[in-house]
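Student: Before I ask anything, let me first share the structure, which is written out below as structure tokens.
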Amino acid sequence: MKTLLTNALIIPMKTEGESLRGDIGIDGPHISFIGEKPDTFVPDTTIDASTMLAMPALVNAHTHLAMELMRNYKDTAPNLHAWLSEIFPIEDKLTAKDVLTSSRLGVIELLQSGITLFNDMYLFPESTAIAVNEAGIRATLGLTLFGDLASSKQRIREREKLTDAAIAASKGRIRLDIAPHAIYTCSKETYQYGHAWAHDNARQMHTHLSETKKEVDDCLKEHGKTPLEYLESIGALQDLPTVLAHCVYLTESEIQMLKGMHISVAHNPSSNCKLASGIAPVATFFRNGINVAIGCDGSSSNNNQNLFEEMHLSSLLSTVLTGDIAGLTPFQTLKMGTINGAKALGMDKKIGTLEVGKEADIILIDLNKAHLTPLNDPFSALVYAAQASDVDTVFCQGNMVMHKRKVLGLDQELVQKEVESCWQDIQGR
Ligand SMILES: [Zn+2]
């Protein structure tokens with residue numbers, strides 16, 4: 001299958017300021033050319049992209065997709081820990097079927113925000129994997145651990161087997177990673193076992209870290225170490241690509257520690273604001289060469305999967321925090337949402353920029369909008385003015401998975417109805 005996108009405003013996201021007007025050829029899963037169509041390229045489908053901006057699809061580096069069910073629920077909790085005490089009893093009632101229903105809604109929302117890869121941490125990853133395949137999207141699904149070693153071992157054994165078939169069917173679009181929830185919900189042995197499993201199976205780790213001041217204070221009291229120092233001291237970060245979600249309270253010495261490690265930070269600005277957690281020092285991370293990606297977190301602490309909103313907020317918060325608009329440029333903010341996310345998940349050789357030979361994860365943004373007129377600087381426009389609803393068409397691994405905002409692999413109306421009735425059912429249990 002060959003697809004031709006004609007006359008688009010193209011932002012490859014390789015170099016600051018680089019944009020061009022031209023065509024893009026997609027041949028099977030790959031980008032075949034960018035710029036001028038060679039005579040040898042004969043497309044099966046042609047899309048007129050003359051009113052569109054083409055850029056790499058976005059990467060959501062931290063979420064809990066099936067929390068769509070608890071959207072706009074218990075929003076008055078004053079902080080993360082009070083909120084978790086409201087959410088955990090609901091999660092205890094969830095079944096694999098609930099998570100499938102909710103994940104279907106989640107993948108629709110992700111695609112409608114221009115996201116083709118998400119880094120998930122939730123229960124029943126085998127259910128989310130089914131929704132991922134139905135939508136034709138990509139995911140690194142964190143096999144989520146809580147509590148002690150025995151329950152973690154059992155969870156890994158069960159979930160790994162249950163997820164096998166969906167991973168085999170995904171054409172490399174799904175990877176099962178390990179995701180110990182946090183230092184205050186997992187034992188030392190759970191982290192160490194999860195680390196060994198990921199290390200032995202060439203996977204990544206994904207965990208929450210330094211999200212609140214309480215987490216840091218409690219860790220100092222219990223272990224005499226900050227959360228990052230604690231994880232490092234128990235060997236949970238050794239030689240393992242890891243995504244640390246939040247990192248609001250990293251100290252200067254922790255930032256220096258991160259420089260020598262294979263670790264990326266997933267910044268979650270909406271969630272950190274909503275739960276009064278704080279503002280992560282993103283400009284400082286950038287200045288120290290740390291790879292910073294961006295996540296939406298779950299839809300019950302955000303309350304959506306809109307990465308355009310997260311990029312906008314990241315930029316505003318960084319300026320408020322530092323008093324310096326130059327600390328995080330629009331290009332750097334867009335990198336957080338694209339190539340840095342791909343790098344955080346070990347996918348930067350495949351996706352994250354528009355380059356010949358990479359897999360075609362491309363979004364087309366409709367520029368024919370009042371709030372995008374005049375466009376002037378397209379990088380500024382994408383960070384400060386664009387909305388998720390401007391994403392018109394999405395390609396993932398060369399396949400068109402959304403066109404004119406319709407997600408092609410799922411029936412949105414039906415999914416929304418099923419989520420409504422699923423949520424009613426859960427509340428009655
Ligand atoms: Zn989270």
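Student: Given the options 362, 183, 234, state which has the largest fluctuation in a GNM of the chain using a 10 Å cut-off (strictly under) for Cα springs.
Tutor: It is 234.
Student: Continuing with the same structure: Quick one: the Cα spread of the stretch 335-429 along its three principal axes, in angstroms, biggest first?
Tutor: 50, 37, 23
Student: Turning to a different aspect of this structure: Quick one: the Cα spread of the chain along its three principal axes, in angstroms, biggest first?
Tutor: Cα extents, longest axis first: 65, 47, 42 Å.
Student: Identify, among 194, 291, 422, the residue whose Cα sits farthest towards the positive end of the charge dipole of the chain, taking +1 on the Cβ of Lys and Arg and -1 on the Cβ of Asp and Glu, with the dipole about the Cα centre.
Tutor: The residue sitting farthest along the positive end of the dipole is 194.
Student: Which angle from 0 to 90°, rounded to the nearest 10, does the C-alpha axis of helix 125-135 make with the longest principal axis of the chain?
Tutor: The helix 125-135 is inclined about 10 degrees to the chain.
Student: Taking a 1.4 Å probe, which of 155, 21, 173 shows the most accessible area, and what order do the others take after it?
Tutor: From most accessible down to least: 21, 155, 173.
Student: So how do 230, 193 rank on accessible area, 1.4 Å probe, biggest first, that is with the largest at the start?
Tutor: Largest accessible area first, the residues go 193, 230.
Student: Collect residues whose amide H, placed 1.01 Å from N in the peptide plane, falls under 5 Å from the amide H of residue 276; neighbours closer than 5 in sequence don't count.
Tutor: none
Student: Per residue of the chain, what 222 nm ellipticity follows from adding -39500 (n - 2.57) for every DSSP H run with n ≥ 4, rounded to the nearest 500?
Tutor: -11000 deg cm²/dmol
Student: Also, quick follow-up: Cα centroid distance between the stretch 345-423 and the stretch 170-249, in Å?
Tutor: So the separation of the two Cα centres works out to 31 Å.
Student: Another question, if that's okay. If one takes the longest principal axis of the Cα atoms in the chain, at what angle in degrees, from 0 to 90 and to the nearest 10, does the Cα axis of helix 307-322 lie?
Tutor: Helix 307-322 sits roughly 70 degrees off the main axis of the chain.
Student: Here's another thing I want to ask about it. Find the relative contact order for the chain and round it to a whole percent, using C-alpha pairs within less than 8 Å whose residues are 6+ positions apart.
Tutor: This gives 21 percent for the chain.
Student: Cut-off 10 angstrom, C-alpha nodes, Gaussian network model of the chain. Which of 164, 39, 392 fluctuates the most?
Tutor: 39
Student: What is the set of long-range amide H partners of residue 10 at a cut-off below 5 Å, with H atoms built 1.01 Å from backbone N?
Tutor: Hits under the 5 Å cutoff: 20, 21, 22, 54.
Student: Can I ask one more? Tell me, what is the percent relative contact order of the stretch 97-140, built from C-alpha pairs under 8 Å that lie six or more residues apart?
Tutor: 53
Student: At what distance in angstrom do the alpha carbon centres of the stretch 2-79 and the stretch 283-314 lie from each other?
Tutor: 19
Student: Rounded to the nearest percent, how much of the accessible area of the chain (1.4 Å probe, protein heavy atoms only) is carbon and sulfur?
Tutor: 51
Student: Additional query: For the chain, modelled as a GNM with alpha-carbon contacts under 10 angstrom, which of 129, 370, 266 fluctuates the most?
Tutor: Its mean-square fluctuation being the largest, the pick is 370.
Student: Then there's this: List every residue whose amide H lies under 5 Å from the amide H of residue 115, counting only residues 5 or more places away in sequence or on a different chain, with H placed 1.01 Å from N in the peptide plane.
Tutor: 58
Student: Then there is this: At 1.4 Å probe radius, can you tell me the per residue accessible area of the stretch 58-344 in Å²?
Tutor: 33
Student: Which value, in debye to the nearest 20, describes the size of the charge dipole of the chain about its Cα centre when Lys and Arg Cβ atoms bear +1, Asp and Glu Cβ atoms bear -1, and nothing else is charged?
Tutor: The dipole magnitude comes to about 300 debye.
Student: Continuing with this model, one more query. Return the inverse of the average 1/r over all pairs of distinct C-alpha atoms in the stretch 24-179, which is the Kirkwood hydrodynamic radius, in Å to one decimal.
Tutor: 17.8
Student: When all protein chains stay in place, what accessible area (Å², nearest 10, 1.4 Å probe) is found for residue 59?
Tutor: Solvent-accessible area, nearest 10 Å²: 0 Å².
Student: Right, next: What accessible area per residue comes out for the stretch 387-429, rounded to a whole number of Å², with a 1.4 Å probe?
Tutor: On a per-residue basis, 54 Å².
Student: Kindly state, as a whole number, the per residue volume in cubic angstrom of the convex hull around the alpha carbon atoms of the stretch 230-331.
Tutor: Output value, Cα hull per residue: 107 Å³.
The values are calculated or read from the model by the stated rules, or taken from the named source; none is laboratory data. Treat the numbers as computed from the prediction; the structure is a model and nothing was measured. Neighbour counts run over all protein chains shown; Cβ positions are idealised from the backbone, glycine included. With ligands, DNA and RNA removed, areas are computed over all heavy atoms of the protein, side chains included. Shrake-Rupley method; radii C 1.70, N 1.55, O 1.52, S 1.80 Å.
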